[in-house]
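Some notes on the structure that comes next.
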Amino acid sequence: MDFTGIHDRLSLIRAPGLLGADLPRKADPANKSLRARAGGPFVSVEAALLPQFLRVCRDDPRLCFEMLVDISATDPSKSATELWVNVSLLSVSARQRLQIKSSVPKQAPRLPTCSGVYPAANWHERECAEMFGLVFEGHPDPRHILLPEDWIGHPLRKDYEYPKTYHGISCE
Amino acid sequence: MSNEASIHGAGEHAAQREFELEVRAQDMEVNFGPQHPATHGVMRVLVRSDGEVVTGAQAHLGYLHRCAEKIGENVEWLMYLPYTDRYDYLSAMNNNLGYSMAVESLMGIRIPRRAELLRVICVELNRVGSHLIAFGTYGMDVGAMTPFFHCFREREWMMALFEKICGARLTYSYIRIGGLFNDAPPGWLEEVARFCDVFEERWVEYEQLLLSSHIFIQRTAGVGVLSREMALAFGVTGPMLRASGVDWDLRRDMPYSIYAEIFAAGAFKVPLGSGAKGKLGDCWDRTWVRVMEMRESIGIVRWCLAHMVEGPVVGDLPKVLRVPAGESYVAIENPRGELGHYVVSDGGRGSIRTRVRGPSFSNLAVIEELLPGALVGDAIAIIGSIDIVVGETDR
């Protein structure tokens, strides 16, 4: 399954929230603004409609993405105003992969939870929430997963400030 | 409690004593871990039980969190490679390969043929070593001590082989971006061939020792049944997914490196669980899949040895490693499942995001569904059959 195939199908199905596609391409040394894309098809999707989009990806017989492999987020830079949310889907029956990217504003990083569509999203969303400060609305278990419950700040944000002390113990 | 006190007609003191002596049989909460031999690391599972039946389970992670992803943002591309050894320390070669391939996919480097062949040999030997641990310690979890020693005898040789090729026994950093650290020393390939011969002879013992043991079957068959639907919904990958009857192996279905060629030559098959002793997707099936995979890995190593070529082991690399701006997600089949690396570059000396999708993390998430309904005694058998490496769930 080539990339244009999946994207054409998604447009044909009118998958909710589909914004566009990034074709896989090589970086060009002459054109610095052109970014390389490798390792599978990328599409961008509106964050607020992510669960509906994933539901279509899972249930539509032309797509059949049975498995959610990963949800992670990226803070591209200190000055960036948006965080990226990266979702990785896999179809075992159709042998295809899909990388989904959504943007949420750093000021109010809220988006609906996907754990109702794929139970696999539960733990990945908890990790994103503690590491990036994302708020997954409607998440069934919004506790920290890797960090202590009383940890301050979101370590994978680029503007994260390293703690000076933790429970009275110096970290410097 | 107070009802009983009034039935006995005893005073306040008697009621107090009775409360102290009471043995609660309902909804008892038991901690497995953080220091428990069956968690294979430092992990805590809070189990709620009603008598002997587990009614709820909650995994508490993070005891081994070492900020691997944050470190990825703060170091240069090549400097991150030794950190990859340390998340799944039982399959460090696979982690090296996954990370190197993610960076190479952005750079578009061609890997020399000899390096590809040596990579596959190392990765598959490492898979054998990892499954030996999984199999040996699982036997110990359910009460069989002997197979553990047999597994460690073979694993010791495997580690000695790696020590000869890269100087390390556990954290190799041998597979590097662009190729390998160095070529195999003289006589190493011949020794690998000898290892394959001896291993295939001894492999037969595993089935006799554990898989066909009546006690082992009683302990694992029909226990911890993971259905195909649940495995897919929870993003379970690797031997666990195959034990549930899903025919999926990245080495065959989305081939990377030279696996497409090896599979086309018929050097390996993908073993699938069948419910031979109990139900499809039970603990016995998971163990059986791992044991079968060890033999398939030896087949792959043999194919690579037979098709070995001479030549360089490092591709054309610049003096300073610069990765073009872009992003890439590359997944490989680790002994535990899909190991994905999502790297983002802005053209600088280091990555701006290194996301590690570890298979143990998703495989572990399913225990919160698998444990309820099982007996407390089976909880260890179920947790052990998942074959987690806590270094990877916590990263």
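The values are calculated or read from the model by the stated rules, or taken from the named source; none is laboratory data. Computed from a prediction, not measured in an experiment: that's the story for all the values here. In this analysis, Cβ positions are derived from the backbone assuming ideal geometry, glycine residues included, and neighbour counts consider all displayed protein chains.
Below, the figures for the structure above:
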item: Within the stretch A:82-112, considering residues that are touching a helix residue (DSSP H, G or I) at 6+ places or on another chain (Cβ under 6 Å) and of a type outside the set (A, V, I, L, M, F, W, C), the one nearest to A:R143 (Cα to Cα); result: A:P112
item: Qualifying residue in the stretch B:309-318 (condition: within 17 Å of B:V123 (Cα to Cα) and without any contact (Cβ under 8 Å) to a residue 40 or more places away in the chain); result: no
item: For B:A331: the one exception among (1) within 13 Å of chain A (Cβ to nearest Cβ); (2) on the phi > 0 side of the Ramachandran plot; (3) crowded, with 24+ Cβ neighbours inside 10 Å; result: (2)
item: Only listed residue being of a type outside the set (S, T, N, Q), surrounded by 22 or more Cβ atoms within 10 Å (Cβ to Cβ) and in contact (Cβ under 8 Å) with a residue 40 or more places away in the chain, chosen from B:V291, B:V225, B:V236; result: B:V236
item: Boolean, B:H307 is modelled with pLDDT of 90 or more and over 20 Å from the mean Cα position of the chain (by Cα); result: yes
item: Flag if B:G238 is within 14 Å of chain A (Cβ to nearest Cβ), small (G, A, S) and in contact with a strand residue (DSSP E or B) (Cβ under 8 Å, 6 or more places away or on another chain); result: yes
item: Meets criteria (surrounded by fewer than 16 Cβ atoms within 10 Å (Cβ to Cβ), over 21 Å from B:S274 (Cβ atoms) and out of contact with any Asp or Glu (no Cβ under 6 Å at 6 or more places or on another chain)) for B:G187; result: yes
item: Qualifying residues in the stretch B:173-196 (those that are modelled with pLDDT of 90 or more and of a type in the set (F, W, Y)) - the one farthest from B:R113 (Cα to Cα); result: B:F195
item: Any hit, the stretch A:22-33, residues being among the aliphatic types (A, V, I, L, M), in a strand (DSSP E or B) and modelled with pLDDT under 80; result: no
item: Test set (1) within 12 Å of another protein chain (Cβ to nearest Cβ); (2) modelled with pLDDT of 85 or more - B:R48 fails condition number; result: (1)
item: Any chance A:L19 is of a type outside the set (S, T, Y) and either at pLDDT below 85 or more than 17 Å from the chain's Cα centre (by Cα) (or both); result: yes
item: Filter result for B:L117 (of a type in the set (A, V, I, L, M, F, W, C), farther than 18 Å from B:R355 by Cα, more than 14 Å from chain A (Cβ to nearest Cβ) and not in a helix (DSSP H, G or I)); result: no
item: Near pairs, Cβ below 7 angstrom, 6+ apart or cross-chain, from the stretch B:178-190 (free of Cβ contacts under 8 Å to residues at least 24 places away in the same chain) to any residue that is among the hydrophobic types (A, V, I, L, M, F, W, C); result: B:F181/B:C166; B:P185/B:I165
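Yes/no per residue for (1) closer than 16 Å to B:L321 by Cβ; (2) touching a Pro at 6+ places or on another chain (Cβ under 9 Å); (3) modelled with pLDDT under 90:
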residue: B:A92; (1), (2), (3): no, no, no
residue: B:G98; (1), (2), (3): no, no, no
residue: B:S105; (1), (2), (3): yes, no, yes
residue: B:G108; (1), (2), (3): yes, yes, yes
residue: B:I121; (1), (2), (3): no, no, no
residue: B:G129; (1), (2), (3): no, yes, no
